[in-house]
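Just so it is clear, none of the values below were taken in a lab; they were calculated from the coordinates. Keep in mind the model is a prediction, meaning the values are calculated, not measured. Reconstructed Cβ throughout: ideal geometry from the backbone, glycine too, with neighbour counts over all protein chains shown.
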Amino acid sequence: MGCIIYLGGCTLDDPAPEPNAPALTLKYHQNLSLTDLSWSAVKVTGFKEYVILQSPEPIPDNPTPVVDQNVSVLVRIKDADVTTFAASPSLISSQVCYKLYCSVDDRFLYSSSVCVDPETLLFAGFYDRACHENGMTEMALFDRNVRNLSVFDYHTGDLSLNQSASEISFPSMELKTWINTTKLFVTEQSPGVMRAYAFPSLTPLTSRNFLQFLWCTRAEGPFVFATTDESVRNFHVMNRNTLNDMDTEDGIFGNQYIAVFPGDTMTVLTLGQSLSKKYLVDGTGHIVSSELLQVLVSINDLQSTCAQGHQLFIGGRQGTVIDRNGDVLGVLTSLNNAVVQISRLTEDESHVVYLINRNGQIFLEIADLGQLPQITVTQSYQMPQLTYSDIILDGPVIYVMGTQFLSFPGESFVLKYPL
């Protein structure tokens with residue numbers, strides 16, 4: 001945007017200063033981490049635009065909007081009749097301040113600065129890996145800087161029980177309960193390593209080292225399913241307690257996801273970029289049948305970023321929606337410049353909540369899956385351009401966990417949105 005130097009910053013346009021005191025009133029309503037801003041319409045000849053500034057500190061009453069290292073533009077609105085804006089935190093701070101300007105002919109009208117608490121939960125650590133299980137407020141985190149596992153309560157903000165995991169660098173993690181016992185499974189792709197811990201004590205239980213690349217794992221009931229880069233018998237059905245093989249079979253090769261659909265006979269899909277495969281596994285852990293599928297999924301991240309339901313699985317850079325038969329029912333995006341980063345299904349699998357990066361901008365979106373293959377986005381919030389580790393759907397609230405590396409040991413955060 002064209003600008004001129006002013007008071008150490010730059011103005012957003014050319015209008016001359018307005019000498020009067022604040023003429024506009026900016027109101028707000030806090031809705032979890034969203035701030036609903038509103039103001040009265042400025043319906044005068046010469047209207048050009050509304051400009052909303054944001055800052056972690058109160059914004060001074062300058063006669064023209066000044067942008068500097070602390071103050072940035074949140075939004076510019078060209079329609080005089082648009083007098084509301086839902087502000088999602090694009091600043092990770094315990095306080096966010098907003099100021100409204102209105103450009104009219106050769107001058108600006110402006111409001112006083114309003115400051116809000118965006119209900120951002122902040123805590124120290126570079127936790128770029130996280131996992132949770134529905135129904136539990138305690139979750140598992142991994143700090144990549146110090147290579148520690150931690151237990152975190154996303155309701156209270158309590159962080160506790162550090163456990164060293166020095167052999168892990170970029171893990172995929174999964175929390176899974178079976179017969180009232182919860183375990184944390186931590187997987188490293190290369191070298192292929194799987195570790196099981198009691199949760200929430202983080203007591204090490206069992207481990208297994210693989211000779212080849214370990215693409216992904218998925219726990220369900222008494223089993224853990226794994227795919228490796230071995231030349232033969234590279235699909236594994238393992239005992240949950242010992243991580244020993246119960247059955248193996250030749251699988252597909254290359255990067256892949258695992259989708260598991262429960263039942264007396266489990267359906268297990270291994271989903272790859274050039275080929276996929278479907279297995280039926282009985283209650284004793286034996287593979288009773290298998291078949292190749294023509295499903296193709298563009299792999300963009302770890303297994304833990306995918307959404308697993310009882311009837312649907314969503315994964316890959318397009319957010320490919322697949323059912324238990326291995327049929328593709330739709331995609332969350334077909335744009336070449338967009339990547340789905342994390343997705344989570346609601347309990348009834350009627351909606352999906354996901355983070356998507358479009359042209360370098362990150363959005364949190366809610367989409368209706370009730371009319372597949374048609375997928376309808378019902379809500380979209382612009383997010384800070386930071387690293388995100390998990391999305392938790394808890395009743396009427398969406399919890400979004402992420403981290404930012406400002407200085408050692410980094411800082412992590414939890415944002416809250418209405419579901």
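For GLN163 and ALA80 in the same chain, what is the full-extension length gain: residue separation times 0.36 nm, less their Cα-Cα distance, in nm?
Answer, rounded to one decimal: 24.3 nm.
Report, in debye and to the nearest 20, how large the dipole of the chain comes out about its Cα centre when Lys and Arg carry +1 and Asp and Glu carry -1 on their Cβ.
320
Convert each backbone phi in segment 163-170 into a coupling constant with the Karplus relation 6.51 cos²θ - 1.76 cosθ + 1.60 (shift: θ = phi - 60°), then list the ³J(HN,Hα) values in order as whole Hz, x for Gly and Pro.
Taking θ as phi minus 60°, the curve returns 10, 5, 9, 5, 7, 9, 10, 10 Hz for segment 163-170.
Taking Cα centroids, how far is segment 323-378 from segment 46-94 in Å?
Result: 30 Å between the Cα centres.
Which whole-number percentage describes the relative contact order of the chain, with Cα contacts under 8 Å and a sequence gap of 6 or more?
11
Specify which residue in the list PRO200, ASN255, VAL281 is farthest towards the positive end of the charge dipole of segment 167-301, using unit charges on the beta carbon of Lys, Arg (+1) and Asp, Glu (-1), about the Cα centre.
Value: PRO200.
Collect residues whose amide H, placed 1.01 Å from N in the peptide plane, falls under 5 Å from the amide H of GLY125; neighbours closer than 5 in sequence don't count.
Distant-sequence amide H within range of GLY125: GLY410, GLU411, SER412.
For GLN273 and ALA198, what is the calculated FRET efficiency with R₀ set at 45 Å and r taken between the beta-carbons, to the nearest 0.05?
0.80
Per residue of segment 77-86, in order, report the coupling 6.51 cos²θ - 1.76 cosθ + 1.60 (Karplus, θ = phi - 60°) as ³J(HN,Hα) in whole Hz, putting x for Gly and Pro.
10, 8, 9, 5, 7, 8, 10, 9, 7, 8
Mind listing the phi-derived Karplus ³J(HN,Hα) values for segment 62-69, rounded to whole Hz, using 6.51, -1.76 and 1.60 with θ = phi - 60°, and x for any glycine or proline?
Result, ordered by residue: 7, x, 10, x, 9, 10, 9, 5 Hz.
Calculated from the structure, P(r) over Cα pairs in 10 Å bins from 0, in percent equals which of (i) 4, 20, 27, 22, 13, 9, 4, 1, 0; (ii) 4, 16, 19, 16, 13, 11, 11, 7, 2, 1, 0, 0; (iii) 5, 22, 32, 25, 13, 3, 0?
Step by step, P(r) over Cα pairs in 10 Å bins from 0, in percent for this structure corresponds to label (i).
In the chain, which longest range has no trypsin sites (Lys or Arg not before Pro) that are both DSSP loop (not H, G, I, E or B) and surrounded by at most 10 other Cβ atoms within 10 Å?
Between the exposed loop sites, the longest stretch runs 79-419.
What is the P(r) of segment 334-419, as percent of Cα-Cα pairs per 10 Å bin from 0?
16, 49, 28, 6, 1
At 0.36 nm per residue, minus the direct Cα-Cα distance, what do PHE123 and ASP153 gain on full extension? Give it in nm, one decimal, please.
Full-extension gain reported as 9.6 nm.
So for the chain, taking the charge dipole from beta-carbon charges (+1 Lys/Arg, -1 Asp/Glu), which of ALA367, VAL268, GLN294 sits furthest toward the positive end?
About the Cα centre, the residue reaching furthest to the positive side is GLN294.
Fewest first, what order do ILE362, ILE287 take by the number of other Cβ atoms within 10 Å?
Sorted ascending by nearby Cβ count, the order is ILE287, ILE362.
Under a 5 Å amide H to amide H cut-off, with H placed in plane at 1.01 Å, what residues pair with GLU220 once short-range neighbours are removed?
Here PHE225 satisfy the definition.
Name the long-range amide H neighbours of GLY330: under 5 Å, sequence gap of 5 or more, or other chain; modelled H, no Pro or chain starts.
Placed amide hydrogens put VAL321 under 5 Å from GLY330.
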